[in-house]
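Report on the structure given below.
What follows draws every value from the coordinates through simple rules; no lab data is involved. Treat the numbers as computed from the prediction; the structure is a model and nothing was measured.
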Amino acid sequence: MGILLAIIVGVASILNLMYGQNQPIQYLLTVLSVISLIIYRGKRTKRVHYNGYGQNYFTIGFTICILSFVGTVGILIGFLFHLA
C-alpha cells in the first residue's frame, strides 16, 4: 500500500510541477509522501554478501518511497523559493 501511494504521489507531483504549479496542493502531496513512508510495511534493507564481507542495500519498494519523498520535497522547495 505504501509503494502504491508513493507512486501516485510522485506522478501527481510531477504533473503539478508541469501543469498546475499549485503550491497548496504540493503541501498535501508532501504530507502524503511522508505518510507513504510511515505505512510502508515491507523490508527496508537487504544484506548481500560478496567475497566474505556483507553490504546492506535498500529494497526496491523502500527506494521508491524514498525517491517519492525526495522528489516531492524538492518540488516543494522549488515552489517556496520561486524556482519553478
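Just a few scattered comments:
- With contributions of -39500 (n - 2.57) from each DSSP H run of at least four residues, the per-residue ellipticity at 222 nm computed over the chain stands at -21000 deg cm²/dmol.
- Here percent of Cα pairs over 15 Å apart was calculated from the structure, and among [x] 57; [y] 62; [z] 51 it sits at label [x].
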